[in-house]
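The values are calculated or read from the model by the stated rules, or taken from the named source; none is laboratory data. What you see is a predicted model, and the numbers here were worked out from it, not measured in a lab. Note that we place each Cβ from the backbone using ideal geometry, even for glycine, and neighbour counts take in every protein chain shown.
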């Protein structure tokens with residue numbers, strides 16, 4: 001017999017009350033822990049993804065949508081801008097690096113991003129096998145993509161227009177060919193299919209919903225033929241079938257036939273931009289019709305501030321449940337003690353000091369809180385894993401439930417204090433038990 | 001002298017009770033007889049150091065127990081006195097053996113499981129060691145509580161009405177058990193009772 005055994009037996013001797021206390025405490029603590037784990041990983045993801053992009057240029061629209069879509073690969077872009085603007089900026093010698101990206105297509109919910117090698121370097125991507133795309137229709141895929149969609153080097157696939165669930169139609173004239181797989185590095189690269197920007201133009205040539213800007217239109221001009229759109233499409237399809245083996249000559253031919261007006265990019269990313277150059281680009285870009293330049297940092301800050309009321313509510317709920325848990329431990333102990341009054345007197349008669357009785361009751365509270373903490377660790381990490389799989393599905397960002405933060409030990413301290421504080425008054429009451437009086441009422 | 005008490009009194013809101021002096025030698029089992037309301041349970045509590053008398057003192061093997069510090073008195077009680085009550089009480093969340101070990105734990109002694117087991121064998125309950133308290137009959141509970149009172153080999157055993165809830169044959173069995181075990185561990189029995197059946201069993205009686 002020892003203090004631990006006595007307290008433990010007493011705790012499990014009132015299973016319903018103890019289970020209630022433990023579950024309440026675990027719920028409160030695990031809510032807080034899940035929030036902390038999510039916040040930590042979200043912040044880490046945002047920082048690692050956003051830190052190197054100093055400026056984004058894209059179509060006019062919602063600033064936050066532009067940043068989310070082009071930097072974080074979340075949600076729909078604001079539209080496209082003409083590639084000509086990119087070429088114009090290229091003449092500016094103060095700009096060291098610029099990365100155009102063109103989006104809008106996907107393969108089995110995975111986004112296809114047309115860009116150049118700079119995009120991979122921006123996120124310090126490294127090749128696991130094969131090589132980085134060098135020609136149109138070649139694709140280098142992220143680690144998770146290769147794994148999830150079983151893509152291997154030499155494999156081919158057909159992309160579709162539209163992102164995520166809403167694929168409008170398949171670009172089945174041309175197939176992408178996987179030429180490389182990237183190493184896993186915990187950035188957006190893991191979940192993307194990357195291809196030269198020209199691929200996107202080729203895919204959309206003749207298949208754009210707005211045929212005014214399609215390859216058909218430019219061909220029509222060439223041949224000065226009838227302007228019936230339907231015929232143009234048929235013509236285009238026929239030609240496309242001839243090109244099905246997509247030898248490079250035909251691809252180059254098509255590229256040549258694309259009207260420069262139809263060469264578009266979704267956004268231009270600027271890494272490592274110095275202050276002066278940034279201001280001049282900002283001013284210059286914002287003067288252009290249909291174009292805007294956005295500094296990601298304040299937008300990210302704004303986004304985080306929009307999330308903070310939600311976070312506060314969850315924190316509030318966590319506090320509330322934890323306080324209820326405290327009461328549950330308190331009331332459970334007090335109830336049990338009024339039933340065990342005689343047992344306390346008995347212990348005293350058998351020689352237990354008042355301090356021994358006090359510690360045994362305090363220990364019951366601490367034991368309950370310890371059990372609550374252990375359960376909260378299990379619940380929170382399983383819960384985080386569930387949240388993670390949802391977040392990955394929804395946002396294609398990597399979250400994990402199997403990440404342990406040292407700050408979780410703070411919750412051990414919180415739990416222990418809760419157990420101690422809730423048990424304090426019951427323990428003092430036990431300490432003050434009048435033995436003779438209690439025995440005479442036994 | 002194993003126990004001597006002199007000038008003991010206790011006051012209640014309506015009356016003050018004065019108790020006769022006691023001088024009890026080792027091995028001299030005593031009955032303390034009194035009607036209900038005579039304050040005999042209070043006397044027992046005073047002798048056991050769990051109730052402070054208004055006046056007087058109690059010496060147990062030359063130790064003036066009320067001059068001890070509170071925590072020393074607790075430990076003194078655990079090591080030198082055994083209690084047996086009319087209705088046996090136990091810690092319900094613990095099984096029989098653990099309840100017995102509780103008396104060692106509370107007295108600050110090492111757990112000596114074998115002592116408990118051999119005493120339980122003597123009262124014929126060694127098959128109940130792992131039973132829950134609720135699984136015992138009233139008679140079994142009383143026997144276990146006697147074992148518990150004797151487990152730490154106390155100098156004195158204070159028993160409060162140990163037989164008044166029992167029928168004649170159980171009454172005799174319990175008294176036999178108590179005296180035999182007390183003799184075995186060299187303890188002196190002090191039984192507080194109004195049970196007239198016990199008068200024939202003990203030569204030494206104090207009336208209050």
(Q) Filter the range B:77-101 down to the residues that are assigned to a helix (DSSP H, G or I), within 19 Å of residue B:45 (Cα to Cα) and at the interface with another protein chain (Cβ under 8 Å from one of its Cβ atoms) and list them by number. (A) B:77, B:78, B:79
Q.
Among (1) more than 26 Å from residue A:10 (Cβ to Cβ); (2) more than 14 Å from chain A (Cβ to nearest Cβ); (3) buried (at least 17 other Cβ atoms within 10 Å of the Cβ), there is one condition residue B:172 misses while meeting the rest; what is its number?
A. (3)
Q: Answer with yes or no whether residue A:149 is in contact with a helix residue (DSSP H, G or I) (Cβ under 6 Å, 6 or more places away or on another chain) and either touching a residue at least 24 places away in the same chain (Cβ under 8 Å) or not assigned by TED's automatic domain parsing to the domain that holds residue A:114 (or both).
A: no
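If we only count helices (runs of 4 or more DSSP H) wholly inside the range A:1-94, which ones have 3 or more residues that are more than 20 Å from the chain's Cα centre (by Cα) and more than 14 Å from chain B (Cβ to nearest Cβ)?
It comes to A:15-50, A:83-90.
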**Q.** Tally of residues being touching a helix residue (DSSP H, G or I) at 6+ places or on another chain (Cβ under 6 Å) and loosely packed, with under 15 Cβ neighbours inside 10 Å across the range A:116-136
**A.** 0
(Q) Going residue by residue through the range A:177-189, is there one that turns out to be touching a helix residue (DSSP H, G or I) at 6+ places or on another chain (Cβ under 7 Å) and assigned to a strand (DSSP E or B)? (A) yes
Q) Given (1) in contact (Cβ under 8 Å) with a residue 60 or more places away in the chain; (2) out of contact with any helix residue (DSSP H, G or I) (no Cβ under 7 Å at 6 or more places or on another chain), where does residue A:62 come up short, assuming only one miss? A) (1)
Q: Please enumerate the residues belonging to the range B:102-138 that are within 13 Å of another protein chain (Cβ to nearest Cβ) and crowded, with 21+ Cβ neighbours inside 10 Å.
A: B:102, B:103, B:104, B:105, B:106, B:107, B:116
Q: Inspect all residues belonging to the range A:79-92 and state whether any of them is modelled with pLDDT under 90 and not assigned by TED's automatic domain parsing to the domain that holds residue A:136.
A: no
**Q.** Per-region count, the range A:93-115, residues touching a residue at least 60 places away in the same chain (Cβ under 8 Å) and surrounded by fewer than 19 Cβ atoms within 10 Å (Cβ to Cβ)
**A.** 4
**Q.** Spans of helices (runs of 4 or more DSSP H) in the range A:349-442 with at least 3 residues surrounded by 21 or more Cβ atoms within 10 Å (Cβ to Cβ), modelled with pLDDT of 95 or more and within 14 Å of another protein chain (Cβ to nearest Cβ)
**A.** A:354-395
(Q) Looking for something in the same structural domain as residue A:41 (by TED's automatic domain parsing) and under 36 Å from the mean Cα position of the chain (by Cα) - is there at least one such residue anywhere in the range A:419-440? (A) yes
Q) Does residue A:343 meet the test of being surrounded by 20 or more Cβ atoms within 10 Å (Cβ to Cβ), within 11 Å of chain B (Cβ to nearest Cβ) and in a helix (DSSP H, G or I)? A) yes
Q. When you go through A:255, A:273, A:282, A:243 one by one, which is the residue that is modelled with pLDDT under 90, outside the structural domain of residue A:39 (by TED's automatic domain parsing) and out of contact with any helix residue (DSSP H, G or I) (no Cβ under 8 Å at 6 or more places or on another chain)?
A. A:282
Q) In the range B:185-208, which residue that is in contact with a helix residue (DSSP H, G or I) (Cβ under 8 Å, 6 or more places away or on another chain) and assigned to a helix (DSSP H, G or I) is surrounded by the most Cβ atoms within 10 Å (Cβ to Cβ)? A) B:198
